[in-house]
Amino acid sequence: MCNIWKGDAPDRLLPEHMRKLPIELRTINLSGGEPFLRDDLVDFVRQARSRCPKAVITISTNAFLPDRIAEKMPELRRIDPDIRLAVSLDGLAAAHDRIRGVSGAYDRARGLIDRLGADGYRGIRLSMTLSNENLDQLTDVARLADKLGLELGVVAAHGAGTHLGVEPDDVAIERAPAWLAGAFGRIIAPRLRSWRLKNWLRGHFAWQTYHYLTGRLWEIRCGAARDMFFLQADGEVYSCSVRGKEMGNIIDQEFSEIWTGPQVDKVMEFVRRCPERCWMICTARSTYRARWLSVLAWIVWNKLLAHLRLFRVRNLAPDDRGDEGRGGAA
């Protein structure tokens, strides 16, 4: 989905460099490109698990290599029984193949999910990236996730200019169709009716994703360079993966030197005035910590509405999007 594969950053990062990660990390996402292309992926996970014992480790995959993934997963699970696998699925059948540009991509993903499930693995979740290309697939993918009993993560494609040396495709959703509110409502309401806190938060995240798409996202507290960072394959540490600013290189420096170095003030100043106002999982975590009372109030009220079958996602008309456009205050 992203264009990082078009970049020219060399693969200098090695598993032993994971020993420099801050031990306080709670979340590690091994992403790509495709992580399973690396012969040393297992060693990366082993080093990351050893260094950051409290972190939840997730590997994001496009599932193009189902045999290789299925072969590696038993060893990965021995290293970390709680390791998670996020399988990208941006539509059903031909729609997913078209978006990914690979014939048979959907069948490979479904085959991998079924294969790992038959082996007793329960750490799979689906990851859907919404853009102009696949809005009409949202409801069908959500139904599939429910049918398979899998968590579904829905995020909006972020099309900002990036430090990765490549320009993203034009994926921004310029005008949300009227039916999109109902589609999000059908995803959010069942999560609110459950009795699991995690599902309530997933419902709130989806609600905010809708408002990101329609230009009414909260004023958020971005945690870039404070609560999160992006580590590139050449060892460079950036404040985030969208408009990130370079902070240092973990191959040549200790992480504490990077995190407290002379460049930090400049990076933090950029973060404070960054116009992108992203809404991704890493952004959400920082915002939830800062606005937990507002999130709790939203959950309590909308959970009640969901149980009464009255929950609705507000359908924003095109002329009700505010002068600020995407990122405008709710």
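The values are calculated or read from the model by the stated rules, or taken from the named source; none is laboratory data. Keep in mind that this is a model prediction, so the values were computed, not measured. Heads up, the Cβs are rebuilt from the backbone with ideal geometry, glycines too, and the neighbour counts pull from every protein chain shown. These accessible areas exclude ligands, DNA and RNA; they are computed on the full protein's heavy atoms, side chains included. Shrake-Rupley method; radii C 1.70, N 1.55, O 1.52, S 1.80 Å.
Give segment 170-196 a look and list any residue that's aromatic (Phe, Trp, Tyr) and either in contact with a Leu (Cβ under 7 Å, 6 or more places away or on another chain) or surrounded by 15 or more Cβ atoms within 10 Å (Cβ to Cβ) (or both), or say none.
Phe184, the sole residue that qualifies.
Kindly indicate whether any position in segment 106-123 is in a strand (DSSP E or B), crowded, with 16+ Cβ neighbours inside 10 Å and either touching a residue at least 12 places away in the same chain (Cβ under 8 Å) or among the acidic types (Asp, Glu) (or both).
no
Here is a list of conditions, (1) closer than 23 Å to Glu16 by Cα; (2) without any contact (Cβ under 8 Å) to a residue 12 or more places away in the chain; (3) surrounded by 15 or more Cβ atoms within 10 Å (Cβ to Cβ), and Asn199 meets all of them except one; can you say which number that is?
Of the numbered conditions (1) closer than 23 Å to Glu16 by Cα; (2) without any contact (Cβ under 8 Å) to a residue 12 or more places away in the chain; (3) surrounded by 15 or more Cβ atoms within 10 Å (Cβ to Cβ), the odd one out for Asn199 is (1).
Looking at segment 59-70, can you tell me whether even one residue there is within 19 Å of Cys282 (Cβ to Cβ) and open to solvent by 60 Å² or more (accessible area, probe 1.4 Å)?
no
Report every pair of residues separated by at least 6 positions or lying on different chains whose Cβ atoms are under 9 Å apart, first residue within segment 76-87 and acidic (Asp, Glu), second surrounded by fewer than 18 Cβ atoms within 10 Å (Cβ to Cβ) and at pLDDT 95 or above.
Cβ pairs passing all conditions: Asp82/Val56.
For segment 294-330, give me the residue count where each residue is open to solvent by less than 30 Å² (accessible area, probe 1.4 Å), over 30 Å from Arg273 (Cβ atoms) and modelled with pLDDT under 90.
1
Would you confirm, using the coordinates I've provided, whether Val102 is part of a helix (DSSP H, G or I) and either of a type in the set (A, V, I, L, M, F, W, C) or over 23 Å from Leu14 (Cβ atoms) (or both)?
No; evaluated as a whole, the condition is false for this residue.
Looking only at segment 202-241, filter to residues that are of a type in the set (Ser, Thr, Tyr) and touching a residue at least 40 places away in the same chain (Cβ under 8 Å); which one of those is most open to solvent (accessible area, probe 1.4 Å)?
Per the criteria, the residue is Ser241.
Is it the case that some residue within segment 280-289 is under 21 Å from Arg191 (Cα atoms), among the basic types (Lys, Arg) and at pLDDT 95 or above?
no
Among the residues of segment 243-257, is any open to solvent by less than 30 Å² (accessible area, probe 1.4 Å) and under 18 Å from Gly153 (Cβ atoms)?
no
Look at segment 200-225 and say how many of its residues are outside any helix (DSSP H, G or I) and under 30 Å from Lys266 (Cβ atoms).
10
Filtering segment 265-281 down to residues that are surrounded by 17 or more Cβ atoms within 10 Å (Cβ to Cβ) and without any contact (Cβ under 8 Å) to a residue 60 or more places away in the chain, which residue is farthest from Ala48 (Cα to Cα)?
Cys274
Mind checking whether some residue in segment 82-89 is open to solvent by 40 Å² or more (accessible area, probe 1.4 Å), in contact with a Gly (Cβ under 6 Å, 6 or more places away or on another chain) and within 19 Å of Ala145 (Cα to Cα)?
There is at least one residue in segment 82-89 that is open to solvent by 40 Å² or more (accessible area, probe 1.4 Å), in contact with a Gly (Cβ under 6 Å, 6 or more places away or on another chain) and within 19 Å of Ala145 (Cα to Cα).
Mind checking which pairs have a first residue in segment 295-306 that is more than 18 Å from Ala284 (Cβ to Cβ) and a second that is outside any helix (DSSP H, G or I) and not β-branched (Val, Ile, Thr), Cβ under 7 Å, 6 or more apart or different chains?
Between residues of segment 295-306 that are more than 18 Å from Ala284 (Cβ to Cβ) and residues that are outside any helix (DSSP H, G or I) and not β-branched (Val, Ile, Thr), the close pairs are Leu305/Phe311.
Out of Arg291, Arg285, which single residue is open to solvent by 60 Å² or more (accessible area, probe 1.4 Å), touching a Phe, Trp or Tyr at 6+ places or on another chain (Cβ under 8 Å) and not aliphatic (A, V, I, L, M)?
One residue alone meets the criteria, Arg291.
Say we look at segment 129-153 and pick out the residues that are open to solvent by less than 20 Å² (accessible area, probe 1.4 Å) and in contact with a Gly (Cβ under 7 Å, 6 or more places away or on another chain); which of these is farthest from Ala63 (Cα to Cα)?
Filtering first and then ranking leaves Asn134.
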